[in-house]
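Enquirer: Quick one: the structure is below, and I'll ask about it shortly.
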Amino acid sequence: MRNSVRKNLFLGFCTLIAVIFCTSCGGRKVPEIGEILISTEEKEIPVAQDKVVGVFMPNKTEERWENDANNIVKNLENLGYETKTEFAVNNSYTQERQIRNMLEKGIDCMVICPVNSQILLDVLKEAKEKQVPVIAYDRMLMDTDAVSYYASFDNESIGVSIGTYIKEKAELDQVRQNHESKTIEFFMGSPDDNNAIRVYDGIMSVLKPYLEDETLVVKSGRVEFEDTCIMRWSGYLAEKDVTYTLRSKYKGSDIDILCCANDSIAGGVIEALDKEGYEQENWPIITGQDAQISTMKEVIKGRQAMTVFKDTRILADKCAGMVQAVLEQTEPEINNRDSYHNGVVTVPSYLCTTMTVDVENYKEILIDSGYYKESQLSSGTGTVNSNSQ
Ligand code: BGC
């Protein structure tokens with residue numbers, strides 16, 4: 001028997017007891033049909049008619065996805081839903097299999113953060129045929145009409161935050177005025193992740209003018225997204241990539257800026273810099289996104305200049321609201337109806353805002369808000385290259 005069935009029977013029993021008690025003592029209100037009294041606390045919780053929600057995350061190797069899954073599950077369970085979670089070891093075929101298995105066993109709604117949404121096209125079609133609604137989580141499900149809503153962050157604005165930080169920290173206007181230049185290399189996200197392209201566009205919206213007039217110089221010549229993207233946002237590949245670039249293009253000179261699209265990539269880049277003998281005096285500006293715990297240790301030590309904090313508690317809350325909306329035919333909170341066309345349909349979205357974090361403001365943003373405890377950020381070593389596939 002499914003847990004929620006048991007839970008409902010138990011709640012039904014409690015209701016009956018409550019009705020008898022209230023009726024016999026006369027002084028208390030008898031519940032209406034559908035009104036539920038829970039045990040002696042009289043707490044009202046929704047009973048979500050035995051609905052099961054599948055939650056599909058891309059991997060457990062990066063810090064964020066396990067946290068995201070935990071937050072979503074907590075929110076969905078608070079709404080009275082049962083949940084089943086799968087992680088896909090960053091393999092799109094594993095994820096496809098996980099989704100198909102769950103569809104076959106029976107599921108009422110699916111929250112999917114795709115590894116590669118192109119591989120999911122057929123299984124999403126099956127979901128639509130079975131009338132199982134799908135919410136795209138963080139990453140868009142491209143080229144399908146089998147997606148009801150999209151909950152994410154404003155990825156372009158994440159890119160703008162990274163670009164703006166570089167512009168200010170490297171004092172690019174001053175550099176330009178002095179007719180000088182700074183060197184930069186780009187390490188962007190996965191080519192099969194729509195977020196990566198949006199982040200890149202945001203970065204370029206700020207830095208392009210400085211690249212055009214050669215205030216910023218890219219010695220590798222790699223500026224386009226296609227030339228700078230890193231499969232699966234892999235720190236391991238980033239480490240290899242930057243090592244090759246430093247050895248082949250920066251012999252005898254130091255690089256000034258390493259523009260990394262996320263913290264996993266930045267982690268790999270930091271490992272390479274250590275191995276190549278970079279030290280505090282010639283350490284470049286390094287960027288990222290996610291504000292992972294291991295990354296924050298590097299930010300505090302001054303080795304990663306900045307990251308972008310994405311409050312996944314808020315994202316999970318908005319996502320759970322979307323699940324509730326598709327299951328109970330209500331309207332979810334939407335703040336963007338135009339920006340996310342996935343190639344087939346424009347998907348109504350909620351895009352959460354983000355914050356730039358560095359050593360100056362991390363306490364206020366991450367600790368005072370209760371996202372991390374100070375002790376989590378103060379112990380142990382810094383960035384480990386966790387995304388090694
Ligand atoms: C997410 C980032 C994450 C990256 C790698 C992107 O889709 O938006 O937060 O760092 O995937 O997992």
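Enquirer: Would you mind classifying the range 250-387 by shape? Square roots of the alpha carbon gyration tensor eigenvalues, ordered a ≥ b ≥ c; an a/c under 1.5 is rounded, otherwise it is prolate if a/b is larger than b/c and oblate if not.
Expert: prolate
Enquirer: Which of the GluC sites (Glu not before Pro) found in the range 192-248 are in a DSSP loop and have at most 14 neighbouring Cβ atoms, other than their own, within 10 Å? Don't skip to the end; give the middle numbers.
Expert: Values: sites: 212, 214, 224, 226, 239; in loops: 214, 224.
Here the sparse-neighbourhood loop sites are 214, 224.
Enquirer: Still on this structure: Write down the radius of gyration of the range 316-376 and its Dmax, each obtained from C-alpha positions, in Å.
Expert: Cα radius of gyration and Dmax of the range 316-376 are 16.6, 47 Å respectively.
Enquirer: Oh, and also: For the range 197-211 and the range 217-252, what is the separation of their Cα centres, given in Å?
Expert: Each part's Cα centre sits 17 Å from the other's.
Enquirer: Same structure again: For the range 105-208, what class follows from the C-alpha gyration tensor (a ≥ b ≥ c being the square roots of its eigenvalues): rounded when a/c is under 1.5, otherwise prolate if a/b is larger than b/c, else oblate?
Expert: Prolate, since a/c reaches 1.5 and a/b exceeds b/c.
Enquirer: Moving to a separate point now. Less than 14 Å from a label point 7 Å out along the Cα-to-Cβ axis of residue 369: which backbone N atoms in the range 49-66 qualify, by residue?
Expert: The answer is none.
Enquirer: So what is the diffusion coefficient of the range 86-151 in µm² per second by Stokes-Einstein at 37 °C and 0.692 mPa s, using a Kirkwood Rh over Cα pairs? Let's see the in-between values first.
Expert: On the way: Rh = 11.5 Å.
Stokes-Einstein gives a translational diffusion coefficient of 285 µm²/s.
Enquirer: Just how many % of Cα pairs in the range 236-282 lie over 16 Å apart, if you round to the nearest whole percent?
Expert: Numbers: 326 of 1081 pairs.
In whole percent, the long-distance tail amounts to 30.
Enquirer: Still on this structure: Using the basic label-point model (7 angstrom from Cα toward the beta carbon), what is the residue 247 to residue 226 distance in nanometres?
Expert: In this crude spin-label approximation the distance works out to 2.8 nm.
Enquirer: Can you give the FRET efficiency to the nearest 0.05 for residue 143 and residue 254, using r as the Cβ-Cβ distance and R₀ = 41 Å? Intermediate results must be reported in sequence, preceding the final value.
Expert: Working: r = 43 Å, r/R0 = 1.05.
Approximately 0.40, to the nearest 0.05.
Enquirer: Roughly what would the spin-label model give for residue 130 and residue 301, points 7 Å off Cα along C-beta, in nm?
Expert: Between residue 130 and residue 301, the simple spin-label model gives 4.7 nm.
Enquirer: Follow-up question, since we're still on this one. Hey, can you grab everything whose amide H is under 5 Å from the amide H of residue 336? Only 5+ residues off in sequence or another chain; H modelled, so Pro and N-termini drop out.
Expert: Amide H to amide H, under 5 Å and 5 or more residues apart or across chains, residue 336 pairs with 349, 351.
Enquirer: Report the normalised scattering of the range 170-275 as log10 I(q)/I(0) at q = 0.15 Å⁻¹, calculated by the Debye formula with identical scatterers on the alpha carbons.
Expert: Reported log10 I(q)/I(0), two decimals: -0.61.
Enquirer: Past 32 Å, Cα to Cα: identify those pairs from 60/219; 125/208; 60/128; 219/301; 84/310; 251/297, in the order given. Mind showing how you got there, number by number?
Expert: On the way: 60/219 35 Å; 125/208 40 Å; 60/128 27 Å; 219/301 28 Å; 84/310 24 Å; 251/297 29 Å.
In this structure, 60/219; 125/208 exceed 32 Å between Cα atoms.
Enquirer: Can you compute the modelled spin-label distance between residue 212 and residue 60, with each label point 7 Å from Cα toward Cβ, in nm?
Expert: Distance between label points: 4.9 nm.
Enquirer: So how compact is the range 191-240: Cα radius of gyration and Dmax in angstrom?
Expert: Values for the range 191-240 (Cα only, Rg and Dmax): 11.9, 33 Å.
Enquirer: Whose amide H sits under 5 Å from the amide H of residue 183, counting only residues 5 or more places off or on another chain, with H placed in the peptide plane?
Expert: The list, which skips near neighbours in sequence, is 217, 256, 257.
Enquirer: Just subtract the alpha-carbon distance of residue 346 and residue 274 from 0.36 nm times their residue separation and send over the number in nm, one decimal. If you can, show how the numbers build up before the last one.
Expert: Values: separation 72, 0.36 × 72 = 25.92 nm, distance 4.46 nm.
Here the answer is 21.5 nm.
Enquirer: A further question follows. Output the relative contact order of the range 89-148, whole-number percent, from Cα pairs under 8 angstrom with separation of 6+ residues. It would help to have the intermediate numbers written out before the result.
Expert: Details: 73 pairs, mean separation 21.3, N = 60.
Relative contact order, the range 89-148: 36 percent.
Every number in this text was worked out from the coordinates using simple rules, so none of it is lab data. Being a predicted model, the structure only gives us computed values, none of them experimental. Positions of Cβ are generated from backbone atoms using ideal geometry, with glycine treated the same way; all protein chains shown enter the neighbour counts.
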